[in-house]
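To start, the structure under review is shown below, and the notes come after it.
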Amino acid sequence: MRIWEDIVTIIGEKKDRTTLSLLKEVKDVELSGNTLFISAPDEVYKEWLISNFIEDIQECACRLLGQKLTVRVISEGEKKKKAEEVKQTEEKPHRFYRLNPKFVFSNFIVGSCNKMAYSACMAVAENLGKIYNPLFIYGGVGLGKTHLLHATAHYVLSKNPDANVIYTTADTFMSELISCMQQGSILQFRQRYRDVDLLLIDDVQFLEGKERTQIEFYHIFNALHLIGKQIILSSDTPPSHLSGIQERLKSRFISGLVVEVKKPDIDTKLSIIRKKTKEMNLHLPHDVMLFVSKTVNTNIRELEGSLHKLKAYSDIMERPITLELARDILKDVLKVQNVEELSIEKIQKEVASYFAVNLNDMLGNSRRKKVALARQIAMYLSRYLTDKSLTEISKAFKKKDHTTVINAIEKIEKAMEKDRKLKLTVEFLRDKILTL
Ligand code: ADP
Ligand code: MG
């Protein structure tokens, strides 16, 4: 309050007595970071102070305190709210740290590709620090790792709102560490991670090659692990494939349970499509759903992206989505993906017609150079553009066993390395077939 007396002395100079006594009615003044909070007894007073004196107060306070600051006048009511906010953040420093409210267990579709990871997260959430510690989840991008981590955090907090949960990414962990080191507040950094009940670190592959961060993380990990606090980690590769990570850290990573999230199979994709389209209020006929689930082969994020594309189209054009439309709208996606529904027959026909050879000759035993080459390329493309097994491919080419197919694939692969023209031909055919 001394500061307010000084401010009043300065800005009250040459002011009448009424104004002076009014200025003294300020309830409280508090400096928090770079903000000077001035508590006014009520709203009317607040307006009066702001409209008459805010600039003078600002200038005066900066001079007196020798630092740049912002002045904020708040009424009693706002003061209470502010106090609660401060209390909350003090008590639960990182509780709701960037948790996506949509990433919850009830939203997560379980299929054979992610069942293990899902069950492990559930089990861990129910028994913090008691079973799999750490739990290490790995898998390609867009396959639900972050979703599972957030869901676990939400679940734990819903059961115990007082639990101290920190979710962060390895990347953020590192930048926070660096800024704490620069500000000389490394102890606070460590302190923050000391009393955590559940620590979730996403994308630990970012720690690759970051020696200093790894050392800090190693100590935090050990300290928590020792006292039975739960740690969950995610990465885009299994621990053994992480390079540039200290061995001692890697061996910690695998000391609990390591689970993989895999690419979704058709059935899981269909369930996801059904659920998401319902949420998005997008009606898709069954054949379109099947088409999307067969076409989008990369990950669930792309699957969502495709659905949003279809939704945007149907909203703008005010037309229901048919299979033909879906094909057209998603043609960019199709180009970069393996098209599962592509049949070997289609490939055979395209290749035969490109080389102008008779389809029956190509499927027979002719050893004519052009026919044999067409056959080999068709086999090669069948292998890479469809999900068919070697046995299925050899059947489609009327071969008794699959050695012929393996030989053909190897031959084309080798030839493509040396023969640029052949490589271009194969790529041309591939693109042509993919956009059929
Ligand atoms: P990752 O962290 O593995 O890269 P995310 O967790 O960010 O992937 O998932 C990408 C998107 O896909 C998110 O919008 C997420 O909600 C969704 N998603 C992933 N897996 C599932 C699933 N099994 N059920 C429902 N949505 C999922
Ligand atoms: Mg992620």
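Taken together, the values in this text are just the output of simple stated rules run on the coordinates, not laboratory data. Quick caveat, the model's predicted, so the values are computed rather than measured. We place every Cβ from the backbone using ideal geometry, glycine too, and count neighbours over all the protein chains shown.
A few remarks follow.
- Mean separation of Cα contacts under 8 Å (6+ apart) over length of the chain, as relative contact order %: 12
- The modelled label-to-label distance between ASP56 and LYS395, using points 7 Å beyond Cα along the C-beta direction, is 9.3 nm.
- With Cα atoms, 0 to 90° folded angle of helix 286-295 axis to the chain main axis: 90
- Using a Förster distance of 60 Å, the FRET efficiency for GLU25-HIS308 (Cβ separation, nearest 0.05): 0.60
- Under 30 Å from the Cα of LYS15 - lysines, other chains or at least 8 residues apart: LYS24, LYS27, LYS46, LYS68, LYS79
- Helix 266-280 and the long axis of the chain differ in direction by around 40°, with both axes built from C-alpha atoms.
- Per-selection metrics, region 191-293 (Cα): Rg and Dmax in Å: 19.4, 56
- Ranked for footprinting exposure by Cβ neighbours inside 10 Å, fewest first, GLU211, GLU59 give GLU211, GLU59.
- Set LYS331/LYS414; LYS102/LYS269; LYS102/LYS210 screened for pairs whose C-alpha atoms are more than 23 Å apart: LYS331/LYS414; LYS102/LYS210
- ARG327-LEU422 FRET efficiency (beta carbon distance; Förster radius 25 Å; 0.05 resolution): 0.25
- Derived value for region 222-342: Kirkwood hydrodynamic radius 17.1 Å. Basis is the mean of 1/r over every pair of different alpha-carbon atoms.
- Counted residue by residue at 0.36 nm each, then reduced by the alpha carbon distance between them, the extension gain from LEU187 to THR237 reaches 14.8 nm.
- Spatially, region 366-388 and region 1-52 are offset by 86 Å when compared through their Cα centroids.
- Counted by neighbouring Cβ atoms within 10 Å, the residues LEU49, LEU148, LEU64 run from fewest to most as LEU64, LEU49, LEU148.
- Candidate aspartates and glutamates - alpha carbon under 19 Å from LYS399, same-chain residues fewer than 8 apart omitted: GLU345, ASP361, ASP387, GLU410
- Relative to the dominant Cα principal axis of the chain, helix 145-159 is inclined by about 40°.
- Volume per residue of the convex hull around the Cα atoms, evaluated for the chain, comes out as 232 Å³.
- Gain in span if fully extended, ILE178 to GLU13, counting 0.36 nm per residue against the direct Cα distance: 54.7 nm
- The order of TRP48, TRP4, going from fewest to most other C-beta atoms within 10 Å of their C-beta, is TRP48, TRP4.
- Stretchable slack from ASN358 to LEU226, in nm (0.36 nm times residue separation minus alpha-carbon distance): 40.4 nm
- Cβ-based net charge around LYS411, under 12 Å, with every Lys or Arg adding one and every Asp or Glu removing one: -1
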